[in-house]
Amino acid sequence: MKKKKASKSIKTEIRPPIVTIMGHVDHGKTTLLDVIRKTNEAAKEEGGITQKIGAYQIEFPSKEGSHKITFIDTPGHEAFSAMRARGAKVTDLVVLVVAADDGVKPQTVEAINHAKEAKVPLLVAINKIDLPGANIKKVKSQLAKEDVLVEELGGEAVAVLISAKQQKGIDDLLEMIVLLAEMLELRADPQGPLSAVVVESHPDSHKGPVASVIVKNGTLKVGQTLSSEGVRGKVRALINEWGKQIPSALPSTPVEVVGFQDAPALGAEVYESKGKMEHREAPQILQKEDYKELTLQDFLEPKIEKPGINVVIKAESEGSLEAIVSSLKNIHSDQFELKILHAAVGEVNKSDVLLAKTAGASVLSFRLKVPPVMERMAKEEKVLIKHYLLIYELLEEIEEALWGEVTDEVQEKILGRAEVVGLFQSSLGKTIAGVKVSEGRIALNDKIKIYRDEAEVHAGKIKTIKHLKEEVREVKKGLECGLTIEPDFNFEKRDILEITRG
Ligand code: GDP
């Protein structure tokens, strides 16, 4: 019997840019955010009362039609840093506000460095040009000293002159944001798995804990069960920045979520979890029916009633563990039964290997390093530990195993897999990805696919490989190397590379 294969194709759509405003204190960030919001207020909903939910979205009527832009409504660097510290990348574009009468100041430099480190493009807004002390030329040359070269000084940075107070130049700034966003080709898959990032979160005496999130992928809907670093929730209501309830939120949309059990952390990722909601006291991320507690019985007397495939799952984070477990529960086969004996966050340990051995299970390790001593033990006990970097890859293997057949579809044979662990710039300005090969090998001219947050984001060919400063033709599992690819790509740490024959 042939089963329909899970579709891997991802239909991404252009999504609005998410913008953070940064700059030195008193240079006009809050004023600018307020002015932009107000420009839009008149045009938007009548009767809606604006409420601060940590971010807002405007609709900017440019010459070629209407464009949405999302602004993170917490000026300053704290929110940006908090999100970066958790590895969440929510900002697509930084608007750097510099007061024309005050010039580049320590926090301006800090903002430039934040944006550079996060590889987020920067757009300069020279503010307060209405003041008599405004010296635009000086600001530009000060910026040049910080490596932000504006166009007339031979660089590529765009600077827009504004007065937030007098509402001048605001449309130019918004138009420039739209233009830059178009160049960045920001995409997401509204039908794909949900991921969102918390941009604000607090307890509310009426609504309970509330969290404002920006949707990164998928669609956030009322009724969904969510999980964010162990904090669970069921979406009771979604409220937009106009105080109105909405049924769903698409990528790049900021929205306040009512229904979390506790206030999730700023910058934490939010996923959909398919399991039913536990009641408040249970802090576990999995339902009781999702997994079995380890008991002595498990080791002594494994009970396998039906032909089944038994697995122990270990993952690097609660988010990925939940995603894996809930997806696995959706796979059904009439030939075998999948049993998740144990699922937990953290490295594969002795008790996992012993449980797997006793129950004839395999250990599925997601984005984790397995300590060599555990590898050895698994080998001795004849327990298979399988490593995965992508959820779809894990799900496909389980599906195939459950259906007891290998698909006869023509599939490209994966020759290697690797993860980006560092980033460098070549003398020619190309991005070099420092990668660790986790499986197979990588060779010159191989075809490469790049996945980020489980979605394919780029495809190309291996152009150069450097290992210990030497140009080489091939690197094998376990080694690290520097790669450039064609067409060039802005790699990020944790990107996953999948290698097929060129
Ligand atoms: P933030 O600390 O960067 O958020 O700065 P604020 O938005 O709070 O602005 C600091 C001060 O600068 C306030 O008194 C604003 O009214 C003033 N301000 C902001 N933008 C302008 C402007 O374009 N022109 C003038 N003259 N003052 C401005």
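The values are calculated or read from the model by the stated rules, or taken from the named source; none is laboratory data. None of these values were measured; they are calculated from a predicted model. Note: ideal-geometry Cβ built from the backbone for every residue, glycine included; neighbour counts use all protein chains shown. Accessible surface is based on the protein model in full, side chains and every heavy atom, while ligands, DNA and RNA are left aside. Shrake-Rupley method; radii C 1.70, N 1.55, O 1.52, S 1.80 Å.
Taking all protein chains as shown and a probe of 1.4 angstrom, V345 keeps an accessible surface of around 70 Å². Placing pseudo-labels 7 Å out from each Cα toward the beta carbon at Q245 and I14 gives an inter-label distance of 3.4 nm. Scaling the Cα radius of gyration of region 453-502 by the globular reference 2.2 N^0.38 Å produces a ratio of 1.17. When you work out D = kT/(6 pi eta Rh) for region 407-483 at 10 °C and 1.306 mPa s, using the Kirkwood radius from C-alpha pairs as Rh and the Stokes-Einstein form, the result is 120 µm²/s. For region 13-187, the share of alpha carbon pairs falling in successive 10 Å distance bins from zero is 10, 40, 37, 12, 1 percent.
For region 317-322, the Karplus equation 6.51 cos²θ - 1.76 cosθ + 1.60, evaluated at θ = phi - 60°, returns couplings of 9, 5, x, 5, 4, 4 Hz by residue, with Gly and Pro reported as x. Accessible surface of F424, taken over heavy atoms with a 1.4 Å probe and every protein chain present, rounds to 110 Å². When only alpha carbons are used to place a centre, region 147-217 and region 348-367 end up 44 Å from one another. Distance from the Cα centre of region 431-468 to that of region 370-398, in angstrom? Cα centres, region 431-468 to region 370-398: 22 Å. Ranking R367, R417, R494 by solvent-accessible area of protein heavy atoms (1.4 Å probe, all protein chains present), from largest to smallest, gives R494, R367, R417.
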